[in-house]
Amino acid sequence: MQEVSRFGADITIRKLSLYREETVTEAGQAPARPACRASVAAVVTNPWAGTPATTDLSAAVSELAPPLARLLTDRLIDALGGVDRIEAFGKAAIVGTAGEIEHGGALIHTPYFGNLVREFLQGESIICFADSRADAGETLVVPMWHKEHAATRSHYQTVSARVPDAPRADEIVVIAAASTGPRPHPRIGDRTTDPAITAQILEAVRS
Amino acid sequence: MNVRKIITVVEEILTEGGRPVSPAARVAIVAAVIENPWAGQGFVEDLGPGIEDNASAVGELLAPRVMAALDAPAEAYGKAAIVGLNGEIEHGSALIHTLKFGDHFRKAANATTLLPAVEKRGPAGIVFDIPLKHITDATIRSHHQTVEVRLADAPHPGEIVIALAAAAQGRPQQRLAPLTTEQ
């Protein structure tokens, strides 16, 4: 909680969970550019649990989301060896069963979180995301893409996030994710190398 | 030893039972996903050569990493071997139940006690619990604890996950009377 107070309001976090994986070999072969992928998850109390669908979410968003953005990106940068090493990013929320998906969206989809995560990770792209409403211990697969050029196909990848005993019904797990490189053996081309493909072209080839 | 990936998990508990935990309780786990040295060989009677080739190497790989991930002196520790579906649990036990493996961790953690362990066979993504006990006195009740782990995409049928876990403290909000009060 001390770390959180460095930026924005003091918020209460029950738990933080870091998951980092480095691929040493894939399909029996070491990657040309080995990458580390990580997710960091923070378990917070859902400030809107049990409130009606008409509740205005904005006040609590501006309080809660900025310190979460700061904390999660600090941990990611630390886990991956520096912001310069981070090439791809993503974000996610798992809402406990007493909340709405909208509550998770409120914490990750506004400028109070998204703009700050982008700024702290020194990216420019829109941040791709996943969300779910689930019982404690469910795994969420978090998508990531390139932090500066979202269409860079080699960097389309995922990392999993899971907190064994969260979210409780009245909690939200807020997640940020990043990767230091591409998939282990990227070889599916890119926009610059793709042939032009339309249904009409494919039909012409078959006939 | 053929390693496919190395996974680090760090769990920090900042509140428990509605009260702050200060400093936050830290537990770190580092797991290596390796090829089962006996995969595809049928029933191997003598596991000695495979142990010789792999047990020390995987212990040496994991011990410094789990201490670095914990970033604090370890007070409790444990280990795990999760065998993919085509292997025997005996294969996982072979790699972790030898001083060749555990002494790397004991040395790195300044520990003296036996490492509590989980051995289990299952599919990729199986959830497993690693038991941890105090590093110099396994009767210290405050440090009996468990951490739950799930690795995405491991172990494959011909693989084994070998993991070490370290905690910087006992249970958050531990408040049980010590064993000596009942003796």
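Readers should treat all values here as calculations from the given coordinates under stated rules, not as data from a laboratory. Being a predicted model, the structure only gives us computed values, none of them experimental. Positions of Cβ are generated from backbone atoms using ideal geometry, with glycine treated the same way; all protein chains shown enter the neighbour counts.
Short to long, the 10 Å bins of the Cα pair-distance histogram for the protein assembly as shown hold 5, 22, 29, 24, 14, 5, 1, 0, 0 percent of all pairs. The alpha-carbon positions of region A:102-207 define a convex hull whose volume is 166 Å³ per residue. Modelled this way, with points 7 Å down the Cα-to-C-beta line, the labels at residue B:99 and residue A:84 are 4.6 nm from one another.
Within chain A, which complete DSSP H helices have Cα atoms spanning at least 18 Å along the helix axis and a mean Kyte-Doolittle hydropathy of 0.5 or higher? Span-like helices here: A:58-80.
Please give the contour-minus-distance gain from residue A:58 to residue A:135: 0.36 nm per residue of separation, less the Cα-Cα distance, rounded to one decimal in nm.
Details: separation 77, 0.36 × 77 = 27.72 nm, distance 2.56 nm.
Stretched out fully, the residue A:58 to residue A:135 stretch lengthens by 25.2 nm.
Would you calculate a helix-derived [θ] at 222 nm for the protein assembly as shown, using -39,500 (n - 2.57) for each DSSP H run of n ≥ 4 and dividing by the full residue count, to the nearest 500?
Working: 7 runs with 88 residues, N = 390.
Calculated from helices alone, the mean residue ellipticity at 222 nm is -7000 deg cm²/dmol.
Counting Cα-Cα pairs of chain B in 5 Å increments starting at 0 gives whole-percent bin shares of 1, 9, 17, 21, 18, 14, 9, 5, 3, 1, 0.
Computed over neighbours whose Cβ is under 11 Å from that of residue A:181, the net charge equals +2, Lys and Arg +1, Asp and Glu -1.
For the options B:13, B:51, B:82, a Gaussian network treatment of chain B with springs between C-alpha atoms closer than 10 Å singles out B:13 as fluctuating the most. Both the radius of gyration and Dmax for region B:72-168 are 13.4, 38 Å, in that order, over alpha-carbon atoms. Eigenvalues of the alpha-carbon gyration tensor of region B:3-58, scaled by 5 and square-rooted, set the equivalent ellipsoid semi-axes at 40, 11, 10 angstrom, largest first. Of all the options A:195, A:167, A:47, the one that moves most in a Gaussian network model of chain A with Cα springs shorter than 10 angstrom is A:195.
To one decimal place, what orientation-averaged projected area in nm² is obtained for the convex hull of the Cα set of region A:6-206?
Reported value for the Cα convex hull: 14.1 nm².
With chain A treated as a Gaussian network of Cα nodes joined by springs under 10 Å, which of A:161, A:196, A:65 yields the largest mean-square fluctuation? Highest fluctuation among the options: A:196.
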